[in-house]
1. How about region B:262-315: which GluC sites (Glu not before Pro) there lie in a loop by DSSP and see at most 11 other Cβ atoms within 10 Å?
2. Using helices alone, what [θ] at 222 nm do you get for the protein assembly as shown, with -39,500 (n - 2.57) per DSSP H run of 4 or more residues, divided over all residues and rounded to the nearest 500?
3. Once phi is turned into θ = phi - 60°, what whole-Hz ³J(HN,Hα) does the Karplus curve with 6.51, -1.76 and 1.60 give for every residue of region A:253-267, x standing for Gly and Pro?
4. Please list, short to long, the whole-number percent of alpha-carbon pairs of chain B in consecutive 20 angstrom bins beginning at zero.
5. For chain B, find the longest principal axis of its Cα atoms and tell me its angle to the long axis of helix B:90-100, 0 to 90°, nearest 10.
6. Along the Cα→Cβ direction, 7 angstrom out, place labels at A:ALA14 and B:ALA310. What is the inter-label distance in nm?
7. What net charge is computed for the residues neighbouring A:ARG299, neighbours being all others with C-beta under 12 Å from the C-beta of A:ARG299, Lys and Arg scored +1, Asp and Glu -1?
8. Measure off, as a whole percent, the carbon and sulfur share of the 1.4 Å-probe accessible area of chain B, all protein chains present.
There are 2 protein chains.
Amino acid sequence: MEAVVESAGATLAAAQRRPVCVIGLGLIGGSLLRAATDAGRSAWGASASTTTAEKAAADGYDVAVSVDAALARAAAEDALVVLAVPLTALDDVLAVVAREAPGCRLTDVTSVKGPVAEAVARRAPATRFVGGHPMTGTEFSGWDAGSLQLFHEKVWVVATEDDADLEVWVDVAALALACGAVVVPAAADEHDLAVARISHLPHLLAAVLASVGADGGELALALAAGSFTDGTRVAATRPELTAAMCEGNRAALLSSLDDALGRLGAARGSLASTGGLLSTLTAGHDGREALDVARRARREVRIDLEGTPAEFLEAMREVGRTGGRVIGWTPEALEAAFGSEDQEP
Amino acid sequence: MEAVVESAGATLAAAQRRPVCVIGLGLIGGSLLRAATDAGRSAWGASASTTTAEKAAADGYDVAVSVDAALARAAAEDALVVLAVPLTALDDVLAVVAREAPGCRLTDVTSVKGPVAEAVARRAPATRFVGGHPMTGTEFSGWDAGSLQLFHEKVWVVATEDDADLEVWVDVAALALACGAVVVPAAADEHDLAVARISHLPHLLAAVLASVGADGGELALALAAGSFTDGTRVAATRPELTAAMCEGNRAALLSSLDDALGRLGAARGSLASTGGLLSTLTAGHDGREALDVARRARREVRIDLEGTPAEFLEAMREVGRTGGRVIGWTPEALEAAFGSEDQEP
């Protein structure tokens, strides 16, 4: 059978040992530097903040003296470069990438995939870019909030476009798996619509709920229990980070926000006239049940690198679209990569 | 100093030993029967559901053969009757109360206080009613979901109207404290406005969010992480229960829903035009911070039964309005109640 890449075994073996260069050492980037190091990779990082870089170095991690130096080393060692900076800082960092490592293997961990791909095409067009999005986080931020467990059993979306660079796709998937995550392949536009619904809209609703609750004064806050505490948890995130994430996905967020506004308006009308909220609440109950069902029915697959590129990419997207998740490579793929060792490094 | 009630010591002593009759053995009523029994009270319950009654009896609790029988015993033993039925069943149960225990000491555990007080005035006007609302729960329901720990360190609102029956006020507060809760005194209307903001609106937003997310299909559900899981948790509650709770507080919920719709509309307009969500998200961040500050600054007080009734009630409401909570009785009050024993039974 035709292999997706020229030598599937060599590609997978190289991907599993590829050095990792992390630009940005906040919650996600800092956790990634920890997790990649812990997984035995040669991994180094850089931060525009001297304080952050000093903290990471003091914790024993390999930190370059500058973003430029980290990227120059990535070019020299053919590393996978991971951009872990906020969307608002992306253009500036991409300019440095284009200068120091113009043809590098590149991915990102930003929560929106279409706009990042466009920025890369504009600012660093010669890079071999495959976007990524680990679906994890806490309401805290910065190096100190990081943890090498942050990706453990979490979903890491790997962008799966028709023109994807398959070697780099394998690099990104292998890094995600090495960090303990599972891979969900998805086209950038499908990803962006989905995360608007299940991440960006929840952040916006949490903020509005927190405002309305706090306007109720001390008595309301004293009475706040589980539904308010859970419903507003992510409102504690630094608003600048949430704003960058949500605003970066404007078109998709507007569409899911309009969906929510339509449903809330209908509920308001029904409550004001006949008093009935049951249809709204039943639909919500069914939606939440669909989440629980999807979680129980989770399909976990191991993949190899066989088939034509077009077949492989479509098969991967189908895994994601139908609620599947990639948990590793087939024994055959690993044997092709590592021969008689027959195990992941 | 004038005492709130004729004999403060005797009132408190009687309240701490008063038998408890629980009507309705679902999540809240079932937990209350367990907690009151565990606290050493003579406590019995009744359920309109034979299955529920049999389960509670099989678990070793004192269960009456019927609601009528439970209430007749309450009248005979001057017990505090606790109505733990959904709002939609309230009128029917109050008719039985009026027949079997027309002058009983009466409270409830329903989430809305104004409408319950109106129903009691209409259906069982001779009862000595002081409303209550334990702010606790889970997304599960029924006897099996109950636990004697359900009230532990949770807020239990005790309705504190100008015409409150002070003996029964003390009965209800003493029961809440015996179950491990803290008491927040509040006027019924202030309570209803507050819970619309921090309980009923969160339930409605959770339902809408769950619907919008599930409409994103398998990919969206596979990508759902903390913000969606937390933001939709209470949508798993039985929709009939949530509907009864929310619809029972219609006026207050409409007002907080309009507040939320106004804020969401403003966010939508800003996102669509200039793309800015920062003011919405900053307000939300500040609101959530206010919750955390309020929790850290929690003021815990012990109370006695001194002062005129008007002074006592206003002082109690002021405790609630300013974020305070009653955690027990002063040593002097307990000494007056139990003399040289000087301890709670």
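The values are calculated or read from the model by the stated rules, or taken from the named source; none is laboratory data. Computed from a predicted structure; not experimentally measured. All Cβ positions, even for glycine, are placed from backbone atoms using ideal geometry, and neighbour counts span all protein chains on display. Heads up: the accessible areas ignore ligands, DNA and RNA and are worked out on the full protein's heavy atoms, side chains in. Shrake-Rupley method; radii C 1.70, N 1.55, O 1.52, S 1.80 Å.
1. none
2. My calculation for the protein assembly as shown gives -16500 deg cm²/dmol from helical runs alone.
3. Ordered by residue, 3J(HN,Hα) equals 5, 4, 5, 6, 5, 5, 4, 5, 4, x, 5, 5, x, 5, 5 Hz.
4. Calculated over all Cα pairs of chain B, the distribution is 28, 55, 16, 1 percent.
5. 0 degrees
6. My value for the distance between the label points is 8.8 nm.
7. Its environment carries a net charge of +3.
8. Carbon and sulfur together cover 51 percent of it.
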